[in-house]
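All remarks here apply to the structure that follows.
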Amino acid sequence: MNWWRRLWHRNRMEDELEKELRFHLDQATTELMAQGVDRRDAERQAQLSLGGFEQLKEYCRDVRGTRWLEDLIHDVRYALRTLRENLGFAAVALTMLALGISGATIMFTVINGVLLKPLPYPEPNRLVAVNGVISTFGEFWGFSNPDFSDVKRESRTLDVAAWTYGGGTISEPGNPEYLDGRQISFDLFSVLGIAPMHGRAFRPEEDRQGAAPVAIISYGLWQRRFRGEASAVGRHFTFEGKVYTVAGIAPPGLQLAGDVDVLTPLGQATEARMQNRAARFIHVVARVRPGVMLSEAQADLAVMSRRLAQEYPQTNAAIGLVARPLQQELVKDVRSTLWLLLAAVGVVLMIACANLASLLLARAISREREFAMRAALGAGRGRLTRQCLTESAVLGLGGGLLGVVLSTILVRPFVASWPGILPRAEEITLDRRVLFFAFAASIVSSLVFGLAPALQLPGRGVERALRVGARTIAGSSRRLHSVFVATEIALAVVLLVSAGMFAHTLITLSSLDPGVDVRNVLTARFPLSPTARAKPAQIGQSWQEVLERARRVPGIQSVALTDIVPMRVGENSIGYWTTAVPPPPNQAPIALASSVSPDYLKVMGIPLIRGRFIDEHDLIDSPPVVVIDDNLARRAFGETNPVGKQLWSPAFRRSPLLIVGVVGHVRHWGLAGDDRSHVRDQIYYPFAQVPPPMLPFFSSVMSIAVRTQVPPLNVVEPLRQELRGAAGDQSLYEVRTMEQLVGASLNRERFLLLLFGVFAVLAMLLSCIGVYGVVAYTTSRRIPELGVRMALGATAVKIITLVLGDSVAMIAAGVTGGTVAAWATGRLLERLVEGMRPPEVSTFAIVLAALVTAASVASFLPAWRASRLETTTALRQE
Amino acid sequence: VAVPDKADLPQGTLDLLILKVVALGAVHGYAIAQRLQQVSRDVVQVPQGSLYPALHRLENRGLLAADWKQTGSGREAKFYRLTRKGRATLDTETASWRRLTEAVRLILEMSHAGAK
């Protein structure tokens, strides 16, 4: 019989044991009686020869090998019974644990889905992103199309694919709608190792100029526009004014740096940038070929980048190529934030454990007599320890179970509230690994809070414990109590100071000047209708009409066009210098370059510092002009007046650019990020001077910005109506007010502040409960002693001071330890969080004052209660 | 929890003796005790307190199997019999016991000769 069956048939086995031994006794008795011994003597002798009947049964049970399990079941039952008797304690303990464990589980679920799980592609560890790297600038993702083609052709170690953004307007079938799109190389699907759900991927011959337009559409678009019919493959739709044939349906949930609705072949694009080696707009993904090490791929890339640099020094000198694991590349923006939050949640869980440990310790001491009794009845120390740990494990697992239930409910809302894009969000699920984590967290927690009380068990001196009863507290347990509470306070200080730092940082950042007047400004992406773009000669005229129509909308004060909106994703940068003699290639300083219409300065409310802004006379046939921001002016020209001087940027324009004005710097990279960004110089140039071959492309990426006299969101609908265009295929999308964009640039900081704030308040509350609990408990145990003191003439004040004395030491120790730990944490946060200010003395002062006050109140209550006791009542408790 | 060692038997021999007795035919606990006592002419005083735990241990290890059968007097008793594994164990244990006792005997006689 295996041990499980032995356990299962426990009752039958008990019966059989009884029967077998009984048979032995009866046999022995009968035999003795046959020898002439009388019945009573015979029974007695038989008994004696066998030894103690019940004891023998115990020995037989011991050899079954199921003893530990039976004990465990017994202990669990006992633990449940004691918990049921003490419902208040059980409720508090379970709530604390459930909160702590669910927090940790939610964070781990997210980390598991985003950071730990392999990408949902075959052999995901062979997938890499290929980045460019310039020693003075760092890494960047951009590839030019010629570079991509060369690398793809020459690489012996990598299968290389590419994608770039390529959204646009769908106009047939159904209403015009803007779609998120990507242009991809034909083999992107095969490099990733995925296949379309229906239909097929692109063919090599479709990835060329002049091939018939084909597209792969998303699962969502297929459902929306084609009602999910299988016959959609092979049907047609109009996108960006061209008729595309549906080649395939992408698998559901496909993402390429965000949602995608339409995929078109990159090679069919005809824009000038496709031939420009300086235009780096392509993301490159690659799969390391079988049998090739990543290091070999890196060496291969290094060779290719050196060759490109020699062959095309103008554009490629000093640019290296490097492969990064795709998974790391996808999640690098959120990694530190996620671990930071897990750490914070972990601290809350630790506080909850410390709190529980001191509660359980108090209970263990009250139960000293019970344990002494069990020890006296023969329970070994190991056995008692096991029982204690079983009790805490029951609590821990109960809390863990509740925690898992809570986290299944809360993980979706948490992910939804994430500021900005959380990569791989759709892969976040509660899987086996998460359950294992929750289980481990529960068990470790129960060990943490259960061990101290278990070690306090009476091992020696049982009779003393029995005799003395539950009155005195051993010095060691009081010290242990204090250690737990001090730890809690220290951890709470760490969280409070972190929260304080976030608050301080947020306040500082919000008070920064974004560089634009954010009130009453509305921005939206607005590509010109594909039909209008098809006739380059009239594009300028079409834009003029757009501006005039928009200006007619009631409530709109001024209107401008721009290709870059401050604090919104999507930018264009160029290298520049101030002499006709170029610096070594790719060593030039880099500036953000916006192509704008004359009213841009007025709409955005950017201050003009010197000279003039772009005006109506800067046209395609007049000399090219630029306006620079004061950062660029200071860096390039120092104190001298830059107006009238020239800039050179051959990749951008052959002839020199005349500087006509200087304007204020705009915090383009967000209030938090701008100070740390690589590109802080800014150049504005007239949209009217964009060379005609570039105009169709520019017209597809322009945005419109309007300054209003009314709340800006009120003009969205009238503006949309006014700008629909003759064919009804022009629409506004990504509609944002500047206030929203500025606010969103602090979302990460605000989100972290909110979470840390909640954690910190929770931590403070928990540690105050801890302080209160311990002081109340130790005081209640000291009441007889206090009674004697009162009888001997101690005043109420004296009693209060006496009781408070202990807690003051405890709080002081916690605050000291916490301050040191918080300072270290602060330095860490400064490195991890963009724009974080160093911890301020004032932050510490406020936080510590609040915590010490709260803790003092928590410990004063029981002290005050003790001082109000009648002497006689106190003494009678003896 | 240790089984009290009332036996004067060397450690582990009780198991071997039980296996030997059971090998002669299915038998219940009381009879095993009796048989051991009789065969050893009362030299081996079977510690009855350790007999049953030993039987159960051997059963758990799969060396013995048990069935409930009627005795001659018509009562139900638990009869033990040897399993195949039990027989194999008995053979190896008997062999090693023989080797051991022979070795002990040799050593004892050698020391006797040395004293002369």
Task: region A:545-588: GluC sites (Glu not before Pro) in DSSP loop, at most 10 other beta carbons within 10 Å - done: none
TODO: Starting from the Cα gyration tensor of region A:647-758, take the square roots of the eigenvalues, sort them a ≥ b ≥ c, and report rounded, prolate or oblate (rounded when a/c is under 1.5, otherwise prolate if a/b is larger than b/c, else oblate).
DONE: oblate
Open item on the list: Cut-off is 10 Å between beta-carbons; in what order do A:M790, A:M96 appear when sorted fewest neighbours first?
Closed with: A:M790, A:M96
Task: Overall dimensions of region A:1-150 as given by Cα atoms, namely Rg and Dmax in Å - done: 35.2, 115
Task: trypsin sites (Lys or Arg not before Pro) lying in DSSP loop within region A:498-586, provided at most 16 other Cβ fall within 10 Å - done: A:R519
TODO: Rounded to whole Hz and in sequence order, give me ³J(HN,Hα) for region A:272-279 from the Karplus expression 6.51 cos²θ - 1.76 cosθ + 1.60, θ = phi - 60°, writing x for Gly and Pro.
DONE: 4, 5, 5, 9, 8, 5, 8, 8
Open item on the list: Could you tell me how many cubic angstrom of Cα convex hull volume chain A has per residue?
Closed with: 237 Å³
Task: Simple Cβ-charge dipole of chain A, Lys/Arg +1 and Asp/Glu -1, about Cα centre, in debye nearest 20 - done: 1760 debye
Task: Prolate/oblate/rounded call for region A:704-743, Cα gyration tensor, a/c under 1.5 rounded - done: prolate
Open item on the list: Order these by the 10 Å Cβ neighbour count, fewest first: A:F756, A:F613, A:F414, A:F140.
Closed with: A:F140, A:F414, A:F613, A:F756
- [ ] For A:K57, go through the lysines and keep the ones whose alpha-carbon is under 19 Å away, minus same-chain ones fewer than eight residues off.
- [x] A:K19, B:K6, B:K78
TODO: Multiply the residue gap between A:I846 and A:F137 by 0.36 nm, knock off their C-alpha separation, and tell me the result in nm, one decimal place.
DONE: 251.2 nm
Task: Per-residue HN-Hα couplings for region A:505-518 [Karplus 6.51, -1.76, 1.60; θ = phi - 60°; Hz; x = Gly/Pro] - done: 4, 5, 5, 4, 5, 5, 7, 6, 7, x, x, 10, 8, 7
Open item on the list: Check which residues have an amide H placed less than 5 Å from A:G661's amide H, if you skip close sequence neighbours.
Closed with: A:R612, A:I628
TODO: Summarise the long-distance tail of P(r) for region A:753-878 by giving the % of C-alpha pairs beyond 18 Å.
DONE: 60 percent
- [ ] Give me a single rounded figure for A:55-61: the average over its residues of other chain Cβ atoms within 10 Å of their Cβ.
- [x] 5
Open item on the list: Which of the three applies to region A:239-278, rounded, prolate or oblate, going by the alpha-carbon gyration tensor with a ≥ b ≥ c and a/c under 1.5 meaning rounded?
Closed with: oblate
Open item on the list: Using a 7 Å offset from the Cα along the Cα-to-Cβ direction at both A:I620 and A:R67, what is the distance between the two label points in nm, to one decimal?
Closed with: 9.7 nm
Task: Estimated inter-spin distance, A:L87 and A:A744, nm [label 7 Å along Cα→Cβ] - done: 5.1 nm
Task: Least to most buried among A:K332, A:K645 (fewest other Cβ within 10 Å first) - done: A:K332, A:K645
TODO: Enter the Cα centre distance for the pair region A:270-307 and region A:121-166, rounded to the nearest angstrom.
DONE: 4 Å
Open item on the list: I need two numbers for region A:205-330: Rg to one decimal and Dmax as a whole number, Cα atoms only, in Å.
Closed with: 18.6, 53
Task: Loop-resident sites, region A:168-239, for trypsin sites (Lys or Arg not before Pro), counting at most 14 other Cβ within 10 Å (DSSP) - done: A:R200, A:R208, A:R227, A:R235
Open item on the list: Let's test the formula: R0 of 22 Å, r as the Cβ-Cβ distance of A:V808 and A:R865. What FRET efficiency results, to the nearest 0.05?
Closed with: 0.80
Task: For B:29-40, mean number of other protein chain Cβ atoms within 10 Å - done: 2
TODO: Count, for each residue of A:28-36, the Cβ atoms from other chains sitting within 10 Å of its Cβ, then give me the mean as a whole number.
DONE: 1
- [ ] Give, in nm to one decimal, the length gained when the segment between A:V581 and A:A537 is fully stretched (0.36 nm per residue of separation minus the Cα-Cα distance).
- [x] 12.3 nm
TODO: Assuming R0 = 56 Å, can you tell me the calculated FRET efficiency for the pair A:R289 and B:E102, based on Cβ-Cβ distance, to the nearest 0.05?
DONE: 0.20
TODO: Figure the gain on full extension for A:L547 and A:R831 (residue separation times 0.36 nm, minus the Cα-Cα span) and round it to one decimal in nm.
DONE: 97.7 nm
Open item on the list: Please list, in order along region A:785-798, the HN-Hα scalar couplings obtained from phi with the Karplus expression 6.51 cos²θ - 1.76 cosθ + 1.60 (θ = phi - 60°), rounded to whole Hz, x for Gly and Pro.
Closed with: 4, 5, x, 4, 4, 5, 4, 8, x, 5, 7, 4, 4, 4
Open item on the list: Taking the Cα of A:R433, stepping 7 Å toward and past its beta carbon, and measuring to each backbone N in region A:90-125: which are under 12 Å?
Closed with: A:108-120
TODO: Give the percent of DSSP beta bridges with both residues in chain A that are antiparallel, rounded to the nearest 5.
DONE: 75 percent
Open item on the list: If every alpha-carbon in region A:699-767 counts as one equal scatterer, what log10 I(q)/I(0) does Debye give at q = 0.15, 0.22, 0.23 1/Å?
Closed with: -0.68, -1.00, -1.05
Open item on the list: Can you list residues from other chains, or at least 5 along the same chain, whose modelled amide H is less than 5 Å from the amide H of A:E172?
Closed with: A:T238
Task: Quotient of Cα Rg and 2.2 N^0.38 Å for region A:196-268, N being how many residues it contains - done: 1.03
Task: Cα coordinate range in region A:541-691, projected on the principal axes (Å, largest first) - done: 50, 40, 27
Open item on the list: Given a Förster distance of 41 Å, report the FRET efficiency between A:Q223 and A:L116 from their Cβ-Cβ distance, rounded to the nearest 0.05.
Closed with: 0.85
Open item on the list: For A:G166, what residues show an amide H to amide H distance below 5 Å, using hydrogens built from the backbone and excluding near sequence neighbours?
Closed with: A:G181, A:R182, A:Q183
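Since every read-out is calculated from the coordinates, none of them should be taken as a lab result. Just so you know, these numbers come straight off a predicted model, no measurement behind them. Ideal geometry is used to build each Cβ from the backbone, glycine not excepted, and the neighbour counts take in all protein chains shown.
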